[in-house]
């Protein structure tokens, strides 16, 4: 009678080779998302089962197809297999690399520049996209998609926070240099833009600021993670018509709802609050409570600004 052979276990180096995932990504997926739970040796080294290897491979295919690791990490294997099969089928129907849409090619080139932290290359591709699509098209077709991809890669552990900060600074600088100029003293409505306390990712706020400027608003850009009192003080000092908040990450901050209520309390009733970003739906109850406008796309954001401007014009004396 043969003894049952012990299940083969793999080191993280072997799993990295088998799946094509870096050891860093595997650790992040394990630690942050509990995607797998390897056993440990007596010296605390990770050992992965065949099931772990299969799961990680399927998760890689799914994330490459555009799924966020945070939404699929705990799915059962049969569901991951279905997602991977759908991704493979879609890939077989996709055009060759040379047939990529122009916007997608710009996004991929910009991502490469961000991963390499190559500011010159990123600036050049953004400039070419601006010429090709114009300001609104650049924001919606390229920078908006780029911001989401950068966030997804950071969550998946495939890039560092430093890459995200590099991208934010480079894109903010590019948009600032190409901002629409207005005459000093122009009677423009003012928009204060930033992220509330605890929200550290600012690419969404950078986009909002550029879009508002392009529509003829005077923008006061404050950057990331501002307490409610400081956002309200800036709005008061500049007699802002509205405050725009970008909510990207995290999606489960237990303190953010209180910050939003405080902001509404500190602002004059006539000062509108706009809030958008991929994390905004997670705070929908608090945003509804304070009466915030919640645009889901840049197009909806533009519409909100136009409506606020019209409402302001109606209240102004003739």
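Working only within segment 278-306, note down all residues that are farther than 15 Å from residue 140 by Cα and in a loop (DSSP other than H, G, I, E, B). 279, 290, 291, 292, 294, listed by residue number.
Table: residues versus (1) within 30 Å of residue 271 (Cα to Cα); (2) modelled with pLDDT of 90 or more; (3) surrounded by fewer than 21 Cβ atoms within 10 Å (Cβ to Cβ).
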residue: 152; (1), (2), (3): no, no, yes
residue: 156; (1), (2), (3): no, no, no
residue: 171; (1), (2), (3): yes, yes, no
residue: 179; (1), (2), (3): yes, no, yes
residue: 182; (1), (2), (3): yes, no, yes
residue: 187; (1), (2), (3): yes, no, yes
residue: 192; (1), (2), (3): yes, yes, no
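When segment 264-277 is filtered for residues that are in contact with a strand residue (DSSP E or B) (Cβ under 8 Å, 6 or more places away or on another chain) and either under 25 Å from residue 214 (Cβ atoms) or assigned to a loop (DSSP other than H, G, I, E, B) (or both), the ones remaining, listed by number, are 267, 271, 272, 273, 274, 275, 276, 277. Of all the listed residues (244, 240, 232), the sole one being surrounded by 15 or more Cβ atoms within 10 Å (Cβ to Cβ), within 19 Å of residue 285 (Cα to Cα) and without any contact (Cβ under 8 Å) to a residue 60 or more places away in the chain is 244. Listed by position, the helices (runs of 4 or more DSSP H) inside segment 23-86 whose residues that are touching a residue at least 12 places away in the same chain (Cβ under 8 Å), more than 27 Å from the chain's Cα centre (by Cα) and not assigned by TED's automatic domain parsing to the domain that holds residue 252 number at least 2 are 50-64. For residue 4, the requirement of being part of a loop (DSSP other than H, G, I, E, B) and modelled with pLDDT of 90 or more is not met.
The residue pairs whose first member lies in segment 287-307 and is surrounded by 13 or more Cβ atoms within 10 Å (Cβ to Cβ), whose second member is outside any helix (DSSP H, G or I) and at pLDDT below 90, and whose beta carbons are closer than 6 Å, counting only pairs six or more residues apart or on different chains, are 305/215.
Please verify whether residue 269 is within 17 Å of the chain's Cα centre (by Cα), over 15 Å from residue 197 (Cα atoms), surrounded by fewer than 16 Cβ atoms within 10 Å (Cβ to Cβ) and modelled with pLDDT under 95, treating the condition exactly as stated. Answer is no for this residue. Checked against the criterion of being more than 29 Å from residue 233 (Cβ to Cβ) and surrounded by fewer than 19 Cβ atoms within 10 Å (Cβ to Cβ), the candidates 120, 125 yield just one match: 120. On the given criteria, is residue 145 surrounded by fewer than 21 Cβ atoms within 10 Å (Cβ to Cβ) and in contact with a helix residue (DSSP H, G or I) (Cβ under 7 Å, 6 or more places away or on another chain)? Criteria met by residue 145. What about residue 260, is it in contact (Cβ under 8 Å) with a residue 40 or more places away in the chain and surrounded by 16 or more Cβ atoms within 10 Å (Cβ to Cβ)? So residue 260 fits the description; yes. Per the conditions (1) crowded, with 22+ Cβ neighbours inside 10 Å; (2) over 26 Å from residue 141 (Cβ atoms), the sole criterion not satisfied by residue 275 is (2).
The values are calculated or read from the model by the stated rules, or taken from the named source; none is laboratory data. From a predicted model like this one, the values you see are computed outputs, not experimental measurements. Cβ: placed from backbone, ideal geometry, glycine included. Neighbour counts: every protein chain shown.
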